[in-house]
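Here's the structure, in C-alpha cells; my notes come after.
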Amino acid sequence: MEQNEMMNDMPRRERAVMYKREHNCCQAVLLAYAPELGLPEEQLLAMGACFGSGMGSMDETCGALCGAQMVQGLLKFDGRRMNPQASQLRAEFKQLCGATRCRDLKGVDSGQVLCSCEDCVRHAVEALEL
C-alpha cells in the first residue's frame, strides 16, 4: 500500500499528526482536509505558512486552531458572518487543550506544557468534527 493510501485510511486527526512531522501546526490541519477543500497542496501550505508557532511568535493563537478556523470557513461559509461558529470551535479547542495561545499551551511563562503540538493538531481536528 502506498503512503498516500495509508494516510487516507487513517482517522483524519492522526493524518494531521503525520503532516505535523514535516509542516507547522496550521499547515498540518489544512492538509488533513485537502480532499474536501479541493485546493492544491502548495496553496494550503502557503495559506498556513505564517501561522506556525502561534502566528510565528508563540505569543498568539495556536496555529492548529487558526488552521481549523480556516477549514471551517472554507467548508461552511455561506455568505453570512461565522462568529458564532468560530467562537464555538475556539471553545471546544480550549476545552480539549487547556488554552488557545501557543505561549500558554507550550508553558513558556509557567514552565508547564498544557498540550503538545501533536495533540493541538489532533484536538483542532476533533473540535472541527464535534
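The values are calculated or read from the model by the stated rules, or taken from the named source; none is laboratory data. Everything quoted here is computed from the prediction, not taken from an experiment. A quick note on method: Cβ atoms are made from the backbone with ideal geometry, for glycine too, and the neighbour counts reach across all protein chains shown. For accessibility, only protein heavy atoms count, side chains too; no ligands or nucleic acids. Shrake-Rupley method; radii C 1.70, N 1.55, O 1.52, S 1.80 Å.
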(Q) Looking at the range 70-109 only, could you name the residues that are touching a Phe, Trp or Tyr at 6+ places or on another chain (Cβ under 9 Å) and part of a helix (DSSP H, G or I)? (A) Met70, Val71, Leu74, Leu75
(Q) Checking Val71 against (1) of a type in the set (A, V, I, L, M); (2) under 24 Å from Glu22 (Cβ atoms); (3) free of Cβ contacts under 8 Å to residues at least 24 places away in the same chain: exactly one of these is not met. Which one? (A) (3)
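Can you find even one residue in the range 75-87 that is touching a strand residue (DSSP E or B) at 6+ places or on another chain (Cβ under 9 Å) and modelled with pLDDT of 95 or more?
Let us first name the residues in the range 75-87 that are touching a strand residue (DSSP E or B) at 6+ places or on another chain (Cβ under 9 Å), namely none.
Checked the range 75-87: no residue is touching a strand residue (DSSP E or B) at 6+ places or on another chain (Cβ under 9 Å) and modelled with pLDDT of 95 or more.
State all residues of the range 110-130 that are part of a helix (DSSP H, G or I) and either open to solvent by 80 Å² or more (accessible area, probe 1.4 Å) or without any contact (Cβ under 8 Å) to a residue 40 or more places away in the chain (or both); if no residue qualifies, say none. Give the steps one after another, and end with the answer.
The initial filter retains those residues of the range 110-130 that are part of a helix (DSSP H, G or I), namely 117-129.
Selection gives Asp119, Glu129.
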Q: Looking only at the range 75-109, count how many residues are open to solvent by 90 Å² or more (accessible area, probe 1.4 Å) and either within 14 Å of the chain's Cα centre (by Cα) or under 17 Å from Cys25 (Cα atoms) (or both).
A: 2
